[in-house]
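To start, the structure under review is shown below, and the notes come after it.
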Amino acid sequence: MSAPPPPGSLPPPIEGAAAGALAPTERPNPAYAQLYRAYADAYGGIDRLRQALDAPVKTLGGTDAWLGPEARRWGSALDAERARLRRAADRILWDVYDRLSATPRTVARV
(Lines give C-alpha, C1' and ligand atoms only; values in the text may rest on other atoms or scores of the structure.)
Protein backbone atom coordinates (compact mmCIF):
# COMPACT_ATOMS: atom_id res chain seq x y z
CA MET A 1 0.00 0.00 0.00
CA SER A 2 1.31 3.41 -0.79
CA ALA A 3 0.39 6.82 0.53
CA PRO A 4 -2.70 8.48 -0.95
CA PRO A 5 -2.52 11.65 -3.04
CA PRO A 6 -1.44 14.87 -1.34
CA PRO A 7 -4.05 17.24 0.12
CA GLY A 8 -3.65 19.63 -2.83
CA SER A 9 -5.13 16.99 -5.12
CA LEU A 10 -8.51 17.53 -3.43
CA PRO A 11 -10.58 20.71 -3.65
CA PRO A 12 -9.86 23.02 -0.72
CA PRO A 13 -12.60 24.01 1.70
CA ILE A 14 -14.86 26.82 0.56
CA GLU A 15 -13.94 29.90 2.57
CA GLY A 16 -13.95 33.66 2.37
CA ALA A 17 -15.19 35.27 -0.85
CA ALA A 18 -15.78 31.87 -2.45
CA ALA A 19 -18.44 31.17 0.18
CA GLY A 20 -20.33 34.25 -1.00
CA ALA A 21 -20.53 32.79 -4.50
CA LEU A 22 -22.52 29.77 -3.33
CA ALA A 23 -26.19 29.39 -4.09
CA PRO A 24 -28.43 30.90 -1.39
CA THR A 25 -29.49 27.38 -0.39
CA GLU A 26 -25.91 26.23 0.28
CA ARG A 27 -23.18 26.95 2.79
CA PRO A 28 -19.64 25.59 3.27
CA ASN A 29 -19.54 22.27 5.08
CA PRO A 30 -17.56 22.75 8.33
CA ALA A 31 -16.94 18.99 8.52
CA TYR A 32 -15.19 19.11 5.13
CA ALA A 33 -12.98 21.98 6.27
CA GLN A 34 -12.08 20.14 9.48
CA LEU A 35 -11.27 16.90 7.64
CA TYR A 36 -9.24 18.78 5.03
CA ARG A 37 -7.11 20.44 7.73
CA ALA A 38 -6.71 17.13 9.56
CA TYR A 39 -5.62 15.43 6.34
CA ALA A 40 -3.14 18.18 5.50
CA ASP A 41 -1.68 18.01 9.03
CA ALA A 42 -1.45 14.22 9.00
CA TYR A 43 0.01 14.15 5.50
CA GLY A 44 2.65 16.69 6.47
CA GLY A 45 3.76 14.77 9.54
CA ILE A 46 3.31 11.16 8.50
CA ASP A 47 6.88 10.79 7.23
CA ARG A 48 8.19 11.13 10.79
CA LEU A 49 6.02 8.17 11.77
CA ARG A 50 6.92 6.17 8.66
CA GLN A 51 10.65 6.68 9.33
CA ALA A 52 10.57 6.17 13.11
CA LEU A 53 12.36 2.81 12.93
CA ASP A 54 14.82 3.66 10.14
CA ALA A 55 17.59 4.76 12.53
CA PRO A 56 17.52 1.56 14.62
CA VAL A 57 17.53 -0.57 11.44
CA LYS A 58 20.48 1.42 10.11
CA THR A 59 22.34 1.15 13.42
CA LEU A 60 21.79 -2.60 13.65
CA GLY A 61 22.86 -3.17 10.06
CA GLY A 62 25.80 -0.78 10.15
CA THR A 63 27.75 -2.26 13.04
CA ASP A 64 29.47 -5.50 13.92
CA ALA A 65 28.72 -5.01 17.62
CA TRP A 66 26.03 -7.68 17.61
CA LEU A 67 26.36 -10.69 15.34
CA GLY A 68 24.92 -14.16 15.25
CA PRO A 69 21.58 -15.89 14.97
CA GLU A 70 19.89 -13.89 17.74
CA ALA A 71 20.97 -10.62 16.14
CA ARG A 72 19.59 -11.79 12.78
CA ARG A 73 16.26 -12.80 14.38
CA TRP A 74 16.02 -9.48 16.19
CA GLY A 75 16.92 -7.61 12.99
CA SER A 76 14.27 -9.51 11.04
CA ALA A 77 11.68 -8.68 13.70
CA LEU A 78 12.72 -5.03 13.59
CA ASP A 79 12.38 -4.97 9.80
CA ALA A 80 8.94 -6.56 10.06
CA GLU A 81 7.81 -3.99 12.61
CA ARG A 82 9.14 -1.16 10.44
CA ALA A 83 7.10 -2.46 7.51
CA ARG A 84 4.03 -2.82 9.76
CA LEU A 85 4.46 0.75 11.02
CA ARG A 86 4.69 2.08 7.47
CA ARG A 87 1.53 0.20 6.44
CA ALA A 88 -0.28 1.56 9.50
CA ALA A 89 0.80 5.12 8.66
CA ASP A 90 -0.47 4.73 5.11
CA ARG A 91 -3.73 3.22 6.40
CA ILE A 92 -4.27 6.26 8.64
CA LEU A 93 -3.86 8.57 5.66
CA TRP A 94 -6.10 6.46 3.45
CA ASP A 95 -8.83 6.40 6.10
CA VAL A 96 -8.84 10.19 6.39
CA TYR A 97 -8.55 10.60 2.60
CA ASP A 98 -11.49 8.25 1.97
CA ARG A 99 -13.63 10.05 4.52
CA LEU A 100 -12.69 13.45 3.10
CA SER A 101 -13.36 12.31 -0.47
CA ALA A 102 -16.84 11.14 0.56
CA THR A 103 -17.69 14.39 2.40
CA PRO A 104 -19.45 17.12 0.41
CA ARG A 105 -17.86 20.57 0.38
CA THR A 106 -21.23 22.22 0.88
CA VAL A 107 -24.36 21.47 2.88
CA ALA A 108 -27.88 22.82 2.68
CA ARG A 109 -28.49 26.11 4.42
CA VAL A 110 -31.19 25.66 7.04
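Quick rundown of the values:
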{"quantity": "Residue-count net charge about Asn29 - beta-carbon cut-off 12 Å; Lys, Arg +1, Asp, Glu -1", "calculated": "+1"}
{"quantity": "Distance from the range 87-110 to the range 1-80 (C-alpha centre basis), Å", "calculated": "14"}
{"quantity": "Environment charge at Val107 (Cβ cut-off 12 Å; Lys +1, Arg +1, Asp -1, Glu -1)", "calculated": "+2"}
{"quantity": "Efficiency of FRET from Cβ geometry, Arg48 and Glu26, R₀ 30 Å, rounded to 0.05", "calculated": "0.20"}
{"quantity": "Fraction of accessible area attributable to carbon and sulfur, the chain (%, probe 1.4 Å)", "calculated": "58"}
{"quantity": "Top of Gly62, Gly75, Gly20 by mean-square fluctuation, Gaussian network on the chain, Cα under 10 Å", "calculated": "Gly62"}
{"quantity": "Accessible area in square angstrom per residue, the chain, 1.4 angstrom probe", "calculated": "66"}
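The values are calculated or read from the model by the stated rules, or taken from the named source; none is laboratory data. The shown structure was predicted, so the numbers you read here are calculated from the model rather than taken from an experiment. Counting neighbours? That spans all protein chains shown, and the Cβs are built from the backbone with ideal geometry, glycine included. Keep in mind that these areas ignore ligands, DNA and RNA; they rest on the heavy atoms of the full protein, side chains included. Shrake-Rupley method; radii C 1.70, N 1.55, O 1.52, S 1.80 Å.
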